[in-house]
Amino acid sequence: MDIHALKIPCNAMPFICEADYSVTLGQMIHADRIAPFHVAIYLLRGSMEIIEDGICHRLLPHQLFFLKSGVHHWGEKPFEEGSAWYYAHFYCPEPEPQMQKLPGNVYHDSKLTLDLHDNEKYLILPKLTDCDPTSRIQRNFEQLIEAHSYGNIPQASVRLWQIFLECVKNVSEEYVGNVYVRKLQEYIRSHYITGFTAEEIEAACGLSYKYAGTLFKETTGQTIREYQRTLRIRRAKQLLEETDTSVTEIAQMTGFSDVFYFSKVFRTEQGCSPSEYRRTYIPGI
């Protein structure tokens, strides 16, 4: 478990102090600070890097990221131009010492009546969650910001709780609580463009490369290299959709040193060349 993962008591409601939509209009680097509040960031487009307590996190579109209050975080690289995101700053008390972690199933289905002590548990939120653009997480974030803009803090807090539950559900369903796979995914997200060696993967998760690859494949359905390629192609599609950058430059920006190999991989994954994809792309409405 990440030492800076958020622990949310089940018997407390978070208080949102600020929530809004933001976009980069010029060069922007994340503030160097120790915030007294937790931060939730849902990236809509672009990319950003945030360093928390020396650990670098790279955010990609449709990922939700949490920063813990009282922990030093900052930025070193500017956000990608045109990046846009939702964010929420919120307070939430730490779990009481007697509280226990809520089991993987966040819903009590064994009985209808609960004692007060049955709710003395807490959720552990994943640092980074991949979200489908049509998921409840994005819709709840939109509704959270709308409620907050009208001063309806209780409704905004309810939406934030829904986001918490969806994050926990995603972890339970997709990763089956496998901390090694989560570590690997976070590491690959931060290094998918520059690349990595087998030795670096072993250092990141504490397992042999062979066993890490087997575990990753069993849990996600992809090999480590296939997951890296998926992230590269996802990034390439975004650049093709949102910029006029040449195909050659996009190949270099996404980790492909050879534009012909990039085009071959892209065609295999998408069924068309990068240039054809750009010509036929129809933005979602």
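The values are calculated or read from the model by the stated rules, or taken from the named source; none is laboratory data. Predicted, not measured: the structure shown is a model, and the values here were computed from it. All Cβ positions, glycine included, derive from the backbone under ideal geometry; neighbour counts span all protein chains shown. Each accessible area value is taken on the protein alone, full model and side chains, heavy atoms only, with ligands, DNA and RNA left out. Shrake-Rupley method; radii C 1.70, N 1.55, O 1.52, S 1.80 Å.
Out of the residues in the stretch 270-285 that are in contact with a Phe, Trp or Tyr (Cβ under 9 Å, 6 or more places away or on another chain) and among the polar types (S, T, N, Q), state the one that is most open to solvent (accessible area, probe 1.4 Å). The qualifying residue most open to solvent (accessible area, probe 1.4 Å) is Gln270. Within the stretch 61-105, the set of residues being acidic (Asp, Glu) and open to solvent by 70 Å² or more (accessible area, probe 1.4 Å) comprises Glu76, Glu81, Glu94, Glu96.
The single condition from (1) polar (S, T, N, Q); (2) in contact with a His (Cβ under 9 Å, 6 or more places away or on another chain); (3) modelled with pLDDT of 90 or more that Ser190 fails is (3). Per this entry, Glu242 is not counted among residues that are out of contact with any helix residue (DSSP H, G or I) (no Cβ under 6 Å at 6 or more places or on another chain) and open to solvent by less than 70 Å² (accessible area, probe 1.4 Å). For the stretch 249-269, a residue qualifies if it is of a type in the set (S, T, N, Q) and either assigned to a loop (DSSP other than H, G, I, E, B) or open to solvent by 70 Å² or more (accessible area, probe 1.4 Å) (or both), and the qualifying residues are Gln252, Thr254, Ser257, Thr268.
May I ask you to verify whether Arg225 is modelled with pLDDT under 95, open to solvent by 70 Å² or more (accessible area, probe 1.4 Å), among the basic types (Lys, Arg) and over 23 Å from the mean Cα position of the chain (by Cα)? In short, no.
Being closer than 21 Å to Ile145 by Cα, of a type in the set (A, V, I, L, M, F, W, C) and exposed (fewer than 14 other Cβ atoms within 10 Å of the Cβ) is the filter here, so list the residues in the stretch 24-58 that pass it. Correct list: Leu25 only. The residue that is nearest to Ser22 (Cα to Cα), among those in the stretch 78-98 that are assigned to a loop (DSSP other than H, G, I, E, B) and within 18 Å of the chain's Cα centre (by Cα), is Ser83.
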